[in-house]
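The structure appears below as structure tokens.
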């Protein structure tokens, strides 16, 4: 059975140890001339566009802000991330390198991304983590501000790339927040929640993922659970 595995990035494949928060803070200061505390906003599971919108809303800048300023701030955030990130800030999460290599060798499995990151920063993070080349397509925060609109985009790109139409439980969405679980539920896919981000079992279990794992360090068990859930 052919399967499409769509991975989140931050908190699932890797961590950038707070660089994203610093980049948002700098872009707001440079474009709007004011400062804010990035710890007042939850970034987990959101697109970069949504995060910026929430920051501006909290600061009272959103109702009257110029759309050009929003685009400038988003572009500056992207450029800041591209300049700030280096390999010393990016850490693969437990077992990820072994898992991704194993999955890439499975002929019936196609890997892709479903992430709130802007496309250019998403691929930079993967490159710095040594995971470049495994995820040839995906849906990104630059495609839509609403994360729940991203799954159909990713599935469409999978069809363009492979020629196969993935449907329902042939699709597996892997992530570390309730939003990843919700994205899976929206399209009838298998949801795999992993406790390597900001949330543990107690926070993720109420959202009823199909599979809930402490981490992705056991590739054999991961494959067994995915096969059982998607057959």
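Only the coordinates and a few stated rules stand behind these numbers; no lab work does. Worth saying up front: this structure is predicted, and the values here are computed from it rather than measured. In this analysis, Cβ positions are derived from the backbone assuming ideal geometry, glycine residues included, and neighbour counts consider all displayed protein chains.
Assorted remarks:
- Rounded to 10°, Cα long-axis angle of helix 150-162 versus longest principal axis of the chain: 50
- By other beta-carbon atoms within 10 Å, ranking 77, 166 with the fewest at the front produces 166, 77.
- In the elastic network of the chain, a GNM with C-alpha springs shorter than 10 Å, the most mobile of 106, 97, 208 is 106.
- Each peptide in 167-173, 68-74 was scored by the mean count of other Cβ atoms within 10 Å over its residues; highest first, the order is 167-173, 68-74.
- In degrees, nearest ten, helix 67-84 long axis to first principal axis of the chain (Cα): 70
- Scattering profile of the chain at q = 0.12, 0.13, 0.16, 0.18 Å⁻¹ [log10 I(q)/I(0), Debye over alpha-carbon scatterers]: -0.63, -0.74, -1.10, -1.35
- Helix axis angle, 19-32 relative to the chain longest principal axis, alpha carbon, degrees: 30
- Fewest neighbouring Cβ atoms within 10 Å first, the residues 3, 201, 102 line up as 201, 102, 3.
- The per residue volume of the convex hull around the alpha-carbon atoms of region 19-84 is 76 Å³.
- Span from the region 84-151 Cα centroid across to the region 1-77 one, whole angstrom: 18
- Bridge type composition, the chain - antiparallel percent by DSSP, nearest 5: 10
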